[in-house]
């Protein structure tokens, strides 16, 4: 639950919110979302590191005016009433306290306190995942090779006519992306060749040009 606190950024008053939003993440990248009320749509938004509101704006990592600053980017969604700060190339050194701030010219600035904890990426898990994936792919290739060997062994023992008939059947099923008329004539000729049956042109077959 987010709770805003009011602090005068022009005075050395570093008392901030009692409520802390905690975020746990891994090395890589992470986004910190800071919701705000609709009346602050056009106000300056910013984020700083630490827990000192009195110097937060001066030490801001990024503001809604800059949008991008090194590893930090800020996106202000005025429809949802949330500004989001994304930290790229996140490391454990980025762990710590952050303040989301909204600047108000004639009033006290308001802040939310965020505690970010960055954990190291589990290299063992990544290695295990990659090893498992490679094992599955290798097993699939091996099984496919065994099936292919068995099929070829069976086909090699079949009579020539039966073998040609199997080829004909595959041709007719997959059609090799050729036209229907050409396929019909080709299948009839192969059938005649295999079984010495006289080809008769189907009435529905169009004359080939």
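The values are calculated or read from the model by the stated rules, or taken from the named source; none is laboratory data. Note that the structure is predicted; figures quoted are calculated from it, not measured. Here the Cβ is made from the backbone with ideal geometry for all residues, glycine too, and neighbour counts use every protein chain on show.
What to note about this one:
- Scanning region 30-62 for residues that are without any contact (Cβ under 8 Å) to a residue 40 or more places away in the chain and closer than 11 Å to residue 102 by Cβ turns up 39, 42.
- Of the residues making up region 15-29, those that are closer than 15 Å to residue 100 by Cα and either in contact with a helix residue (DSSP H, G or I) (Cβ under 9 Å, 6 or more places away or on another chain) or at pLDDT 90 or above (or both) number 4.
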